[in-house]
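Single-structure report; data block below.
The values are calculated or read from the model by the stated rules, or taken from the named source; none is laboratory data. Keep in mind the model is a prediction, meaning the values are calculated, not measured. Every residue, glycine among them, receives a Cβ derived from its backbone with ideal geometry; neighbour counts consider all protein chains shown.
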Amino acid sequence: MKSNREKNILDRRTFIKNTTAAGVSAAVVNGSSLAAGMMVARSATAAGTQGIRRVICLYVPDGAPVKGKNRWLPTGNLNLVDTSLPLEGVKQDCIFFKQTLISDKNGTGCGGHANTDKAFGGIGQQSTYDVELAKAIGDASPFPSLQLGIQSRGKGGLTSPTKKNGNTILYENNPIAAFNRLFGSSGSTGGNSGSSSNTQLSKQRIVDIHKAELDALKRSLGSAERSKLAEHLNSVKKLEDRLEASMGNEGPSACSTAGWNSSNFVYSATNKSRFTREAQLQMDTSVLALQCNLTNVISISLGNHQAEQVIPTLTHNNIDYHKCIHGGNINAFIEMRAYLSEQVAYLIKSLKNAKDEFGESLLDSTLVIQSSDMGDGNVHSSIDAPIMLAGGGSSVRSGRVISAARHTSVFDTASELLGVSNKVIKYGQGPVTGVIA
Amino acid sequence: MKIARYSMRMIVAAGAVLSLTACVGEPGNASSAAPISSATTSSATPASSIPASSISSVASSAPSSQTPLTGDSVRGKELYEGSAYSCINCHGKTGQSPLPVFPNIDPSKSELLHSTTGNRIWGLAEYITAFMPAPDKCDAQCGADIASYIETWVSSGSSSSSGNAAEVCEVDSVAYGRRQLRLLSRAELTETLKDLTGYTLKPVDLGIPNDAVVEGFVNHTRSFVTQAHYDSYIAAAESAAKYAESKDFAGIIDCSAKNLTQCADAFTANYASKVFRRPLTNEEKNRYSSIITASANAKAGLTFALHAILSSPNFLYRSELGVDVATIRAQIDDVNKTRQQPTQSQGQQKILATLEGASLGLMNATARRLNQNQTYGKNVKSVFPFSNDNIIVVRAKGAKVGGKWPILELKIDGTSIGKATINKDTYAQYTFKVKNLNVQTGLLKVQNIRGNGSAEKNRFVEFTAIKFGTPATTTTTTGPSNTTLVAKPSNNIDSDAYVLSQYELATFLAYTFTGSTPDNALLNAAKNWTLDTPDNIQKQVTRLLNTEKAKTHFGNFGAQWLHADNILDVSKDTDLFPDFTPQIRDAMAREIREIFKTVVFDGNQPINAIFDDFSFLNKPLADYYGVSGPMNNNFVRVNNLNTRGGVLGSGAFMAGLAGLDESSPIKRAVSVRENLLCQPLPPMPTDIDSARDDAETALQDFIDSQGGTITNKQNFHFLTKDAPCSDCHREFINPLGFGMEDFDAAGRPRSKDANNLNIDLMGELIGTESLTDGNVKAFEGTMGLSQILKDSTQVPRCFVQKGFRSVMGVGHKYYDHIAQDAPDLSDAEKAGYACALSKMSDAMKSNNMNAKAAFEALGISDVVRYRKLY
């Protein structure tokens, strides 16, 4: 068991190696803005180890139509039903959990609206699973974690599935801004020349100044505000890490972002009619981010619990999702929930088709955990929640339907598969039986 | 008219029937529920087969011989308040139920009866286990824990409190706000960057994270800077810096005639203190100076310095940390001492009589010569009336001989009044003081005496005039005439309190009243320490409220309060409503802001005027509504609209709180309850016990029975008529919402719906002050409801609460009533806030219920100036 200091050094070395290998280029930083200009991932050489090393936590709001006749859970023979049909092409890569309860820390059911962080294990805990995971493995990445949303901002508060130290963490809904933060607004390969090392050094100064200012501020504070500033300081240091790692790195490009948003989608926060396009862009960005080793922990929020999206391409294209669920029209609920499964399928397929630096399918080294805040969306129940695990390659016994008493145990399963069970707190009852090969 | 219904304050022991289907979970899904101890369940009846309404078979097992378990009240509180059982939703935080269908819990009762078990006496823990929230949901340990928690209410005396204890405001008590850092919101950051650099930030494009919203208002009192935040701030600062560079830093600094050091000094002394909203310390100045001085040129240096300073934590956080009371008192003492420092002012000497020319006996000569040892004498009593304090000034020059200058001595009546060395060969004035000399004869003798040097006849003095007068006086004054002493915090401020510094207060006032950074006048007021008393602060508040910025800012407050911006992204059926364009949406968002703004700022209107039948429309919106008057794109006031108008009858309210094709009586009713009346409804229950698969069939059957079409009202009634939904819908939501059905989903009045069915206008507001007061007010249509709200005393009360929350970043009773991780407020904190609220209300009452008065009262109140670490 390594000491914290040793762990930090190791993580830091891994981090430098990762970003070096990923080829975070100084030249790139010179481009647009300090953080947004991080054109990353040039080198094809291996950085980290093989095996399962990344997790995508995917929140699909409002459960599924499962009460009475369960229209999500496949049969024992893996015959898919109404709302899981779209996963046909990837079902062998998935484990579908049955009789799963959306539960709190103690195993009591807590499904329903509000306190959405329940989806990622937040009830009874200070932070959700994705946050704890990022704490454990995030230091080794240029971006310890990402939170990408698709219309994830519901009315009223508490609509985010992620929580850190008791505070809601909101997701980035603008796919363009999310991409730019990671890859720069130029977005294309080929660095910019220029006085890059000068710019590097001077930008390091900004970070130094902010660190000094935060230290000075901290001295006059009570503990709540001090922990706020500690987070702030971490954020500044993370940028500093990226800057340091990017100094003097050049290399051939292998992680290309060309082709992203080829239709030049322009985002508008008030135009809610383009859910599909936004979802696909965010998922494309996720795949790229993993491929380029920019991060290993991604959280995606596919809508929000208030469910006000309308999907123009559906038959029921003039009802928002909420009304689909509660309006007494089971077919509307089914069609919309199936649509959401299509988006999930898109993600899994994209991961499957993408290759990592070892030439392996990204899906083999990634776990996708689909979670929710409810079992049946119409009655806000806790039981029979549509929880699913995809990916993991041969380490996972995929293509099955397995019982999992609590959804929180699926997170524990992920910790086990990543080999971080001793670093991340237990959320449920430990790994679900029958998942790990 | 009070509704006759069973008593709201039912005591369980009276044996009344409880509605067990309300707030109830599924009747035991055996695989998921916690294991049930055998003592409480009848092994004969498997839990899953029990229909909710039939309890007797479970209750027939009598656990009266069960050994009591030890309850853990801490765990019990978690269970009581947690979302698994949600006892708190139905029974209230300390047993005061927000709903009439649920009895209050009397924590001192240890013997309970239940209607289905005759005379059998239950202990509290057993009762909970057996019946709450449904059989087999909460096991024996769970029951014991919750019972143990409920028992703690007795010792805290909450059984006797109505939950309103915090609303009593003690006279002379001081209210303390929270000591905190607040991150700038998206809007604040945008306005501030605009004011400081001219740059227009597009937060969504740059990935500035969404604002945290608590209870409907933007609230960054607990937000921290995540990596996404920091990356975006860096990007924003860089963009702003580049913009400033492109404009040659106009409005920021002019370094064209300065070298790098001078430029750096000017930057850190002036502009930087505007960014930090306070003067910089020397350390801080050095950091930014060295950026500039190390750069190739001023342009590069300034761009870089701006990039750094506009993403600095000292810029990003509004500080409400304050200075501890003792230090502030000492600082004020220093300032006051400086203001009282006596200053010496030199008056001028006054010459009252002169001997020169003829009166000096000079005919043709210009000067009288005195060789060494020579004397000039004259009786000067008639020339000048000597008093106690006089001067004699001699205009003379001398000749230096043998290395020495002549010495002049004056005597009056034989008394020497002084010697002076005449040490110039050009004329100069030599002054002699005559003090306290009783001049009798008045014989003046002016003699060129021999000093220490050799006797030299030619060591002469020549003089041209002898003047007599009064000396310059030294007067002592106590500082500049317009100085007042700074008021110190009064003695009843607690020693563990903090006082906002002048600059922090300036910042608070600026963002509260204008939504942006303090202007020069405010910063100067802080510098001169004139934000020290309520009266002085009021002057600034009044000034700020008169700005255009303030009007826009309060328009946005109104929009948050009324959730107006739903209108911008709510989905609509474009086939049904083809003229509901983005322009109409924008116009509606503007309309409701203008309605609110005029009531706040124009004249001295009461807040409830927001319900009058007027509006602000431009031509496109007027055409959309079928109203005449407005001629172009400018928004103008239109009165007497009759069927629409006010915030309720506005597009943003009606179309924003509606679905794609039909209105949403539920959303509208909930909005009235929660936003206008401050009557929060319990959250939707979880684990609703209904087989919803049948709901669709039942609904279709009903529609068929009505001839194939039903109204929106019929639809929503049908979907909510059963327990547990009906507990809230039947009284608090549906009658209220159904009375607003005279507005369609696109915000226009109607008497028939899309299926040509008549709209039933009748509605009822049940619970006019609090949800459970039993008052009922019937009304007809939206404007009927508007009239009720216009007369309501609860609306202004609620407005004050919302205003307080928006400004202070916390509610007066809670931070967030649903979030599991929300901090609790202590009784002392709540008591202070109650006082602040009553000041706001009193100010409104003294000002025709005008909204501005409430905000002014808050701005000058002690809850703003004095802070504590809660």
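Could you list, in sequence order, the residues of the range B:624-645 that are touching a residue at least 60 places away in the same chain (Cβ under 8 Å) and part of a strand (DSSP E or B)?
B:Gly645
Among the listed residues B:Lys839, B:Lys813, B:Lys802, B:Lys852, which satisfies the condition of being outside any loop (DSSP other than H, G, I, E, B) and farther than 28 Å from B:Asp613 by Cβ?
B:Lys839
Counting only residues that are under 25 Å from A:Glu335 (Cα atoms) and either within 14 Å of chain B (Cβ to nearest Cβ) or among the hydroxyl-bearing types (Ser, Thr, Tyr) (or both), how many does the range A:282-314 have?
15
Return the residues of the range B:272-302 that are within 15 Å of A:Arg205 (Cβ to Cβ) and buried (at least 19 other Cβ atoms within 10 Å of the Cβ); say none if nothing qualifies.
The answer is B:Glu284, B:Arg287, B:Tyr288, B:Ser289, B:Ile291, B:Ile292, B:Ser295, B:Gly301, B:Leu302.
Kindly evaluate B:Ser295 against the criterion of being more than 9 Å from chain A (Cβ to nearest Cβ), outside any helix (DSSP H, G or I), over 19 Å from B:Thr190 (Cβ atoms) and modelled with pLDDT under 95.
For B:Ser295, the condition - more than 9 Å from chain A (Cβ to nearest Cβ), outside any helix (DSSP H, G or I), over 19 Å from B:Thr190 (Cβ atoms) and modelled with pLDDT under 95 - is not met.
Residues checked against (1) within 30 Å of B:Asp744 (Cβ to Cβ); (2) in contact with a helix residue (DSSP H, G or I) (Cβ under 6 Å, 6 or more places away or on another chain); (3) modelled with pLDDT of 95 or more:
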{"residue": "B:Asn775", "(1), (2), (3)": "yes, no, no"}
{"residue": "B:Phe779", "(1), (2), (3)": "yes, yes, yes"}
{"residue": "B:Thr782", "(1), (2), (3)": "yes, no, yes"}
{"residue": "B:Arg797", "(1), (2), (3)": "no, no, yes"}
{"residue": "B:Val800", "(1), (2), (3)": "no, yes, yes"}
{"residue": "B:Tyr814", "(1), (2), (3)": "no, no, no"}
{"residue": "B:Ala822", "(1), (2), (3)": "no, no, no"}
{"residue": "B:Ala834", "(1), (2), (3)": "no, yes, no"}
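Could you identify the single residue in A:Ser160, A:Ser227, A:Ser220 that is at pLDDT 85 or above, within 8 Å of chain B (Cβ to nearest Cβ) and not in a strand (DSSP E or B)?
A:Ser227
Say whether the condition of being closer than 19 Å to A:Ile387 by Cα, at the interface with chain B (Cβ under 7 Å from one of its Cβ atoms), out of contact with any Asp or Glu (no Cβ under 7 Å at 6 or more places or on another chain) and touching a residue at least 60 places away in the same chain (Cβ under 8 Å) is met by at least one residue in the range A:147-156.
no
What's the number of the only condition in (1) buried (at least 16 other Cβ atoms within 10 Å of the Cβ); (2) more than 25 Å from B:Val335 (Cβ to Cβ) that B:Asn546 fails to meet?
(1)
For A:Leu73, are the conditions met, namely being closer than 13 Å to A:Pro386 by Cα and at the interface with chain B (Cβ under 10 Å from one of its Cβ atoms)?
no
Of these, A:Leu340, A:Leu347, which one is under 28 Å from A:Ala136 (Cα atoms), away from chain B (no Cβ under 14 Å) and of a type in the set (A, V, I, L, M)?
Result of the check over A:Leu340, A:Leu347: A:Leu347.
From the residues in the range B:652-688 that are in contact with a Phe, Trp or Tyr (Cβ under 7 Å, 6 or more places away or on another chain) and not in a helix (DSSP H, G or I), which one is surrounded by the fewest Cβ atoms within 10 Å (Cβ to Cβ)?
B:Leu681
If I go through the range B:784-825 residue by residue, how many of them are among the β-branched types (Val, Ile, Thr), in contact (Cβ under 8 Å) with a residue 60 or more places away in the chain and either assigned by TED's automatic domain parsing to the domain that holds B:Ile607 or farther than 30 Å from A:Lys163 by Cα (or both)?
Final tally of qualifying residues: 1.
Give me a count of the residues in the range B:381-409 that are under 21 Å from B:Ala455 (Cβ atoms) and not β-branched (Val, Ile, Thr).
So the count comes out to 12.
Of all helices (runs of 4 or more DSSP H) completely enclosed by the range B:533-582, which ones contain at least 1 residues that are closer than 25 Å to B:Gly659 by Cα?
Where helices (runs of 4 or more DSSP H) fall fully within the range B:533-582 and carry at least 1 residues being closer than 25 Å to B:Gly659 by Cα, they are B:548-561, B:566-569.
Test each condition in (1) within 12 Å of chain A (Cβ to nearest Cβ); (2) assigned to a loop (DSSP other than H, G, I, E, B); (3) under 30 Å from B:Asp816 (Cα atoms) for B:Ile710 and report the one that comes out false.
Unmet for B:Ile710, out of (1) within 12 Å of chain A (Cβ to nearest Cβ); (2) assigned to a loop (DSSP other than H, G, I, E, B); (3) under 30 Å from B:Asp816 (Cα atoms): (3).
Can you tell me which of (1) out of contact with any helix residue (DSSP H, G or I) (no Cβ under 7 Å at 6 or more places or on another chain); (2) modelled with pLDDT under 95; (3) not aliphatic (A, V, I, L, M) is the one A:Lys69 doesn't meet?
(1)
For the condition at pLDDT below 90 and within 14 Å of chain B (Cβ to nearest Cβ), what is the one hit in A:Gly112, A:Gly23, A:Gly51?
None of the others qualify; the one that does is A:Gly112.
State whether the residues of the range B:104-122 include one that is in contact with a His (Cβ under 6 Å, 6 or more places away or on another chain), modelled with pLDDT under 85 and among the hydrophobic types (A, V, I, L, M, F, W, C).
Yes, the range B:104-122 has at least one match.
Identify, please: which residue in the range B:720-751 is within 20 Å of A:Ile330 (Cα to Cα) and over 42 Å from the mean Cα position of the chain (by Cα) and is, among those, modelled with the lowest pLDDT?
Residue satisfying both the conditions and the ranking: B:Asp722.
Which residues, counting only those in the range B:201-221, are assigned to a loop (DSSP other than H, G, I, E, B), of a type outside the set (Gly, Ala, Ser) and touching a residue at least 40 places away in the same chain (Cβ under 8 Å)?
B:Glu215, B:Asn219, B:His220, B:Thr221
Tell me the residue from B:Leu617, B:Leu621, B:Leu648, B:Leu657 that is within 14 Å of chain A (Cβ to nearest Cβ) and either on the phi > 0 side of the Ramachandran plot or touching a residue at least 12 places away in the same chain (Cβ under 8 Å) (or both), please.
Unique residue meeting the criteria: B:Leu657.
Across the range B:222-247, what is the number of residues that are more than 10 Å from chain A (Cβ to nearest Cβ) and not hydrophobic (A, V, I, L, M, F, W, C)?
Of the residues in that region, 4 qualify.
Give me the residue from the range B:305-328 that is among the aliphatic types (A, V, I, L, M) and facing chain A (nearest Cβ under 8 Å) and, out of that set, nearest to the chain's Cα centre (by Cα).
My answer is B:Leu321.
In the range B:303-336, how many residues are under 18 Å from B:His220 (Cβ atoms) and acidic (Asp, Glu)?
The number of residues fulfilling the criteria is 1.
I'd like to verify a number: residues in the range A:230-254 that are at pLDDT below 90, under 19 Å from B:Ser312 (Cα atoms) and surrounded by fewer than 20 Cβ atoms within 10 Å (Cβ to Cβ), how many?
The number of residues fulfilling the criteria is 2.
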